[in-house]
Each structure stands twice: as C-alpha cells, then as structure tokens.
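The structure appears below as structure tokens.
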Amino acid sequence: MTRKIALLAIGGNALLKEKERGLQEEQQENARETAEMLARVVAEGYALCVVHGNGPQVGNILIQQEAGSGQIPPYTLDVCGAMTQGSMGYLLERMLINRLRFLGLDTPVTTVLTEVVVDRSDKGFQEPTKPVGPFYPEFRALELMRTKGWKMKEDSGRGWRKVVPSPKPLEIVQLDAIKLLLQSGSSVIAGGGGGIPVIRDASQFLVGVEAVIDKDRLSALLAAQLGAELFIILTGVAKVAIDFGKPSQRWVDRLGASEARKYLAEGQFPPGSMGPKIESALAYLEGGGQEVLITTAEALATEDPATVGTRIVRD
Amino acid sequence: MTRTVVIAIGGNSLISDNDHTQVSDQYLAAVETCGHIATMLAAEELRLVVTHGNGPQVGFILRRSELAAPELHMVPLDSCVADTQGALGYHLQCALHNEFKRRGMGRVAATVVTQVLVDAKDPAFLQPNKPIGSFMNEAQAQVHREKDGWALVEDAGRGWRRVVASPAPKQVLELPVVKTLLDAGVVVIACGGGGIAVVEDEAGQISGASAVIDKDLASSLLAQQLGADLLVISTAVEKVCLDFGKPTQRSLDRITLAEAKQYIAEGHFKPGSMLPKIQAVVDFLEQGGKAAIVTDPAHLGAALAGLGGTHIVP
C-alpha cells in the first residue's frame, strides 16, 4: 500500500531561536522538540518530507567566511547553503531517528541534497532585495562591491549588508530521488534553505548562483510536484482567523480554496505574516495539491490530529 | 548482471593544491574527477556509489570557526563533517549531472548525508591520534584542554594541535537508503569524509561523536554491506608501489589478498597514506569482496577495463 505523503515546512528559527547563540546544545534541544512533532506525523501513517529554513545558520556560516577571509577564500552563497543542508539535515535526521526509535518505529530518515533550478532572467537578478550575512563597515563594503561585484545596501545606520536575488523556484533537480525514497518508506529531509539555487546555462548545464529561494515557495512547489496529500505550514497562530483583532474575529477550522482566495483579496491576511502562508497554500492547491494544514508547532505536537489547526482544501 | 561498485575519491582530488582553494578551483577539480567517473560509467552500466574524503575542507571550516570565535561558538566536529558532506556532495552531484548531460547519458546523481556508527568502547577513543585544526601555543592549548576537554599533542617546534579519535566504522546507518537509490539506477554520493561519526546507547539512541572515520575504511565497510563486486580507491598514484621512493621501487599490476597482507606486514605502506587504503581493500576482500583496484583518477576508465592501476584479488 502506498502511504500518503505529507510535506512539512519548518523555519530555520525552529532550530536556532532568536536570542539564542546557536550553541550546539541549544540547536540539539530545539531539534529534539521539532523531532517529536515530526514523529507524530510519521506515526499518523504519512510518508513525511521535511523542508527547513536556514536563515540564522547560513548567517553564521557567512560570518565565519568573512572572519576567515584573510586566510581562506570564502565560499559562495550556494556552497554555504549546501553546507547548511548537510549539517541541519544531519541534526534533524538524527533527532528524528531517535524519536522514531523511541516510539518503536525504526524507519529510515534521509537527507537529500537538493538543487533547485531558477530562471537566470528572473527579475530578482536585476534587483536583488534579500539581505544575507553580517553587517560590514563602509570601507569593507566598498571593497567587496569593487572586488567581488557584490550588491550591497546600507541598513539604517547598522552597516552594510550584501543583498542577493530571491528568484522563483522552477524545477527540483532531485525530485525523483526524493519521491522514490518517500515511496520506499523513508522520511526525507529535502530542499533545505529553499534549495541550492542553480541556473541552466545555454548548454543546459547546471551552474550555482548566489541567491536565496524562499523556503515556503519551494515547499509549495515540492509538495505539489510530489503529489503530497497534505501540506503542513507552521506559523505563529494555532488557527487562521477572519477579521483578526476585530470584535467580529472568528477562528476557522476549514476553508475552501476559493474562499481563501477571496479573503486574501479582501486583505484578511496581512503581508509578511499570514498572507504569504495562504499564498503558498493556494499555490500548492493550484498545482494539484489536496489539503493544507496551517497551525503552530506546539499544536501539531500536542493536539488531536483530527481537529488541529485550519485546513484549506480544494473546492 | 550489473556490477555494484564503490569508488572512494581522495579529498585531494577535490582540491588540486594550496594555491587553488577558491570555490571555482574546487569545483573545477570536482568536474575533472567526475569526467573520469562518467568515462567509467559510459563504458559499463554500473550500480555506483561515490564516496569522498574531506581533509582539506574540514581544515578550512575549523580554521574559519577559530577565526570567528570572538563572535560565534565553535562548530562541533560532527557538524563540520556534515557541512563538508553538503558542500562537496553538492559540487560532485552538480558536476556529475553536467557530465552526464554533456555525454547524453541518462544517469542522475544524488547525495545522501551519511552517519556511520562507531563503537563508543573503541580503543581509539582512549588514544586520540588524528590531528585536526590549526596549530596553537601552549596557553591556548591549556584553555581548550580545560574548557573544551580537547586532547592535544605537541608537534616538535610547530606548537600544539588538537587530536581526535579515529575509530573503526561499524555500520552505515543510511545503507537501506543507498540500496533503494542504487536499485533505481541513481549514482549515489555517500559516506563523505568517512561519514559523520555517531555512537549508539543501550536504548538505541544515537549521538554525535568527536571523531573522524577514515574514508577508505568507511568506503570498504559500505562496499561490504552492499555486497559490492568491486571497491575502487582513487588516490594520487596510478599504481601501488613496493619500496616506494627507493631506488628499488617497483609498481604492482595485480596482487592477491595474501600478498597484500604480506606487504603490509613487511612495512611497505606508509601509515596515514597507502596503508589505510590497502587495509580497506584487505577488509573488503576478506568479507567476500571479489576484486579491488587502487589507481589515480585519470586511469579509472582504463583500470575498470583491466588496463591500468593495481588490481587486488582474493
């Protein structure tokens, strides 16, 4: 029997929380909590695919690249992203294996390094907007812009930061391998940090580029292309609200895609928080997806799976 | 019957020398190595696993981590190895993809982050002897010994250096996954840097170990567990030599397992260099492996056709 696929996206800050220093012990503890939640989805009978963000972690690697730049040539952003797929994948994988073993479910967990093709004529490349890495003093920023051709922007008195494009994900190079492993009974960690961005050159060869693919956008694409039956989006509230913050506020258990689209158009979901989550949900449903679950990590870890969160379904 | 082959490539095949450490240089080195691998695959349809070393790359990560220490915590060793599996696996899978495309071959490559179980009671943990990271002075060494519990050794005249254990690999945790991918025809990149060393407690819970595993021994173990037909170890020389570096030096075309063990006993192979490679081959053949080859990247294609390299048979 083929198991249903659930794809779950977690933020990089699920492992490295704000105000934490990112010590290994902290990240391990956070990963342990995350793994409890992930194991619940596996215990429900789903073949689980996990996409994780990597913002804080890649930020730390970039600080190290700069600190070592006098002695060791810094790696490009695509390679730094690949590093986080290795180390974050390992940490999540190890904790999930431990949790599954604890529950008596000794099924494999795999991390697949994932490259994602973007279009080199994506408008993001003309106008990079996504800040990454450390703040630099002006003299260093000028040097980096001159010698490396980086695009940098001054950030309200705090220093200069590199800005990179955030192009749209088009194709997941390792899609077949991910699908195969899910079908074979493994949980799979894939598309970490939104994937390693590559373009296809004139000869169709893959070439790494310095860019950041939005993790939620990639998750929606991966969920749709895997034919995942369930796409789980974690956020800061247990359920989606209509008229949020007003006297008429109500929590929603279930929404049809067209209803969700209508509310989105009415401005019910603020940009920068619930808005992008609903957009991801709709992108997945439009790509052939069936059901989206939006909730918090805590609720998913503890509440009744039948009633937890808000479900958005195809019309 | 399609042959199953494990090929281990040296970390040095991914960095040509100390003057070529830019990302672009490292990628070009991967492209060259992957060209030779594709040549092998064009000649014979193999179930192929590629493993790789990571010595220079782990050194870079540790050095950067030391230089950023005023701002950030140090990167633990298991995490460093996982980082290199990410970075090098990406370069290899991208280079292989392009090489397959260029030659019109319908193969695909995927990298599996790999944990390798070691025994927490391995005697290597009592005598850490594998130097990693930079040299430091005595005062710094003292701080790390007390604060971080590091084992350190003094290298005459050059200062102090951290040493870690290099235990024997016992089990490749991702073995079933590697098999699934091989069965589907995927070229699998696995066991980077010898794998991330982990230990298991009585309850079956695994945790990271501050240790590194020899990549040739890990590759040999993977080949054994896969029931591979052939283990190929790619290194800096075309053939294994006896009396290496002496006027009596002579290269070997074909030797038996018994001869290999005899040459080891006679001290022909340098520890930390050819010795672990021959030991890896011996382990593989003793556990039922049918053949092994030691050669350099440029001779991979020829060696597989029986026309180069050193062949070791039971």
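The values are calculated or read from the model by the stated rules, or taken from the named source; none is laboratory data. What you are looking at is a predicted structure, and each value in this text was computed from that prediction instead of being measured. FYI the Cβ positions are ideal-geometry reconstructions off the backbone, even for glycines, and counts take in every protein chain you see.
Is the range A:135-153 home to any residue that is in contact with a Phe, Trp or Tyr (Cβ under 8 Å, 6 or more places away or on another chain) and modelled with pLDDT of 95 or more?
No, because not a single residue in the range A:135-153 is in contact with a Phe, Trp or Tyr (Cβ under 8 Å, 6 or more places away or on another chain) and modelled with pLDDT of 95 or more.
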(message) Out of everything in the range B:67-95 that is touching a strand residue (DSSP E or B) at 6+ places or on another chain (Cβ under 6 Å) and at the interface with chain A (Cβ under 8 Å from one of its Cβ atoms), what residue ends up being surrounded by the fewest Cβ atoms within 10 Å (Cβ to Cβ)?
(response) B:D78
(request) Please give the number of the condition A:P270 fails out of (1) surrounded by 14 or more Cβ atoms within 10 Å (Cβ to Cβ); (2) out of contact with any Cys (no Cβ under 9 Å at 6 or more places or on another chain). (result) (1)
(message) Regarding the range A:248-258, can at least one residue be identified that is touching a residue at least 60 places away in the same chain (Cβ under 8 Å) and either of a type in the set (V, I, T) or loosely packed, with under 12 Cβ neighbours inside 10 Å (or both)?
(response) no
(request) Within the range B:264-314, work out how many residues are hydrophobic (A, V, I, L, M, F, W, C) and in a strand (DSSP E or B). (result) 6
(request) Would you mention how many residues in the range A:169-184 are within 10 Å of chain B (Cβ to nearest Cβ), touching a strand residue (DSSP E or B) at 6+ places or on another chain (Cβ under 7 Å) and part of a loop (DSSP other than H, G, I, E, B)? (result) 2
(request) Being buried (at least 17 other Cβ atoms within 10 Å of the Cβ) and farther than 15 Å from B:P297 by Cβ is the filter; apply it to the range B:36-52 and report the residue that is nearest to the chain's Cα centre (by Cα). (result) B:V49
(request) Please determine, by comparing only the residues of the range A:194-220 that are closer than 20 Å to A:A283 by Cα and either among the basic types (K, R) or facing another protein chain (nearest Cβ under 10 Å) (or both), which one is surrounded by the most Cβ atoms within 10 Å (Cβ to Cβ). (result) A:K215
(request) Restricting attention to strands (runs of 3 or more DSSP E) lying wholly within the range B:136-255, give those where 1 or more residues are more than 29 Å from A:N98 (Cβ to Cβ). (result) B:151-155, B:159-164, B:187-189, B:230-234
(message) Pairs please, first residue from the range B:147-163 and touching a residue at least 12 places away in the same chain (Cβ under 8 Å) and within 19 Å of B:A209 (Cβ to Cβ), second anywhere and among the β-branched types (V, I, T) and outside any strand (DSSP E or B), Cβ atoms under 6 Å, 6+ apart in sequence or on different chains.
(response) none
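The rows are residues; the columns are (1) within 29 Å of A:G133 (Cβ to Cβ); (2) more than 7 Å from every other protein chain (Cβ to nearest Cβ); (3) surrounded by 24 or more Cβ atoms within 10 Å (Cβ to Cβ).
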residue	(1), (2), (3)
A:A67	yes, no, no
A:V79	yes, no, no
A:S87	yes, no, yes
A:L91	yes, yes, yes
A:T114	yes, yes, yes
(request) Mind counting the residues in the range B:98-127 that are more than 21 Å from the chain's Cα centre (by Cα) and within 8 Å of chain A (Cβ to nearest Cβ)? (result) 4
